[in-house]
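Notes to accompany the following structure.
The values are calculated or read from the model by the stated rules, or taken from the named source; none is laboratory data. Note that the structure is a prediction, hence the values are computed from the model and not measured. Every residue, glycine as well, gets a Cβ built from its backbone with ideal geometry; the counts of neighbours run over all protein chains shown. Side chains included, ligands, DNA and RNA excluded: accessible areas come from the protein's heavy atoms. Shrake-Rupley method; radii C 1.70, N 1.55, O 1.52, S 1.80 Å.
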Amino acid sequence: MFHYLLIFFLGIFLAALSAVGQMAFGATGDLQWSHFLMTSFEHARIYVVSLFVAHISILGLSASAGRLKLLDMPDNNRKVHTEAKPLVGGLGIIAGVLVAMFLFFPIAKYISLIISIVLILCVGVLDDRFDISFKWRFIVQIFATVITIHYFPGMNLRSFGNLLGFGPIETGLLVVPVTIFCTLGVINALNMIDGLDGLAGTTALLAFITFAGLAWLNGMNAFMLLSLAFAGALAAFLRFNWHPSKLFMGDAGSMTLGFVLAFFAVQLTQRPDSVVSPVAALIVLAIPVTDTLTVMARRMMNGKSPFEPDKTHFHHILRDMGFGHVGVVRIIMSLSALFSLLAIVGTILHFPDYVLFGVFVCWFVFYFISSGSKGGLFSGIELLKS
């Protein structure tokens with residue numbers, strides 16, 4: 001019952017937020033209760049349609065997972081589940097979002113984004129089914145990113161902001177390769193954190209809710225509504241994925257959601273009149289990005305491939321400390337919520353970019369050292385546990 005109430009109130013909150021945002025920025029005129037209620041109802045439809053379609057799609061796909069051979073089999077190396085689970089959550093999530101987009105969004109404007117989403121979803125399904133090489137995944141991810149760069153206005157990471165206090169750091173002639181590199185980084189960060197029941201889903205849900213708030217501050221109503229669609233689909237998925245999970249989102253889900261989060265991060269921060277700093281978007285994604293950078297760096301320091309799977313991620317370390325599935329997810333989500341709150345407060349109070357970046361660098365160094373020695377951060381968590 002708690003999960004149903006949480007899903008319901010989440011939709012009401014996001015719909016009301018987007019309604020206030022639309023009226024506050026002049027789309028519906030004066031802020032009146034009648035307008036507010038009407039607009040909230042219209043926006044709630046996006047959330048409900050996405051949630052309903054995702055829920056129905058996941059149920060149907062789960063029944064066919066064995067026939068489609070979309071099953072995640074347990075192993076003795078890095079996976080924590082002990083029985084085969086359907087890898088159809090990602091397909092259901094994107095099905096819900098796409099139906100909502102076709103019903104409520106101007107498709108001509110979003111066609112390049114939709115094409116890129118479908119491309120990454122397809123290569124994710126192939127990876128879930130055949131375990132293809134990471135090189136092929138990268139090729140498709142790069143191609144999908146190039147499509148949005150060239151055909152969706154604003155998908156260019158032109159500036160990192162005033163990171164060091166000496167003026168904005170511009171990408172200049174390197175704008176395309178830098179945009180591709182950062183997008184691939186976010187895609188694979190979310191993909192790598194998908195190791196426990198509910199972890200990637202709640203990480204993505206929290207990020208979309210935060211980006212909805214940042215879009216509200218930036219006067220970008222369309223992105224608030226798009227956040228509604230993803231939030232609804234993720235809420236439906238988490239109904240099946242919370243521990244003990246019935247299914248997983250698979251690479252199809254984690255890579256596609258990572259791509260869309262990267263897309264949001266660029267869109268919200270690169271407008272000339274944007275009030276959202278590029279560092280604020282980085283802060284929202286601090287946990288998966290930091291974990292991925294740390295794990296890949298340590299693999300290379302040990303002479304291994306940075307893409308070789310292992311059990312050195314944040315959630316693996318917490319599991320080794322004796323925390324259960326739910327406990328690990330709650331710890332990581334609490335830290336993510338703190339960073340998300342910092343991003344919103346920092347945007348509202350106009351924190352300098354170098355202050356936010358300093359916070360991120362301090363967190364990264366602290367986490368990197370802690371993960372190697374199992375001290376620092378993990379000693380603090382162990383103290384709280386005891």
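General observations
- Global form of the range 281-374, assessed from the alpha-carbon gyration tensor, a/c cut-off 1.5: oblate
- Asp72 long-range amide H proximity, modeled H, under 5 Å: Lys85, Leu87
- Considering helices alone, the calculated mean residue ellipticity of the chain at 222 nm is -25000 deg cm²/dmol, with DSSP H runs of length four and up weighted by -39500 (n - 2.57) and normalised per residue.
- Vicinal HN-Hα couplings computed from phi for the range 297-305 (Karplus, 6.51 cos²θ - 1.76 cosθ + 1.60; Hz; Gly/Pro x): 5, 5, 4, 5, 5, 8, x, 9, 5
- For the pair Lys385 and His243, a Förster radius of 22 Å applied to the C-beta separation gives a FRET efficiency near 0.75, rounded to the nearest 0.05.
- Accessible area in the full protein assembly, largest first, 1.4 Å probe, for Cys362, Cys122, Cys182: Cys362, Cys122, Cys182
- The Cα center of the range 91-134 and the Cα center of the range 170-235 differ in position by 15 Å.
- Within-13-Å neighbourhood charge of Leu247 [Cβ basis; K, R +1; D, E -1]: -2
- Selection from Phe360, Leu342, Ala233, by position along the positive dipole direction of the chain (Cβ): Ala233
- Rel. contact order, % - alpha carbon contacts under 8 angstrom, at least six apart, the chain: 20
- The alpha carbon gyration tensor of the range 183-297 gives principal lengths a ≥ b ≥ c with a/c of 1.5 or higher and a/b no greater than b/c, which makes the shape oblate.
- Each Lys and Arg contributes +1 and each Asp and Glu -1, all at the Cβ; summed about the Cα centre of the chain, the dipole is approximately 480 debye.
- In whole angstrom, the range 83-164 maps to an equivalent ellipsoid with semi-axes of 26, 20, 13, each derived as √(5λ) from the alpha carbon gyration tensor and ordered largest first.
- Whether the chain is rounded, prolate or oblate, judged on the alpha carbon gyration tensor where a/c under 1.5 counts as rounded: rounded
- Sites Trp136 and Val175 - FRET efficiency at Förster radius 30 Å, r taken between beta-carbons, to 0.05: 0.70
- In the chain, the portion of solvent-accessible area held by carbon and sulfur atoms comes to 70 percent [1.4 Å probe, whole percent, DNA, RNA and ligands not counted].
- Accessible surface, the chain, averaged per residue in Å² (probe 1.4 Å): 44
- Taking label positions 7 Å along the Cα-Cβ direction at both Glu83 and Ala108, the computed distance is 5.2 nm, reported to one decimal.
- Cα-Cα over 24 Å, subset of Lys246/Lys385; Lys69/Lys135; Lys246/Lys311; Lys135/Lys304; Lys85/Lys135: Lys246/Lys385; Lys85/Lys135
- Most to least packed among 210-216, 112-118, 160-166 [average Cβ atoms within 10 Å]: 210-216, 112-118, 160-166
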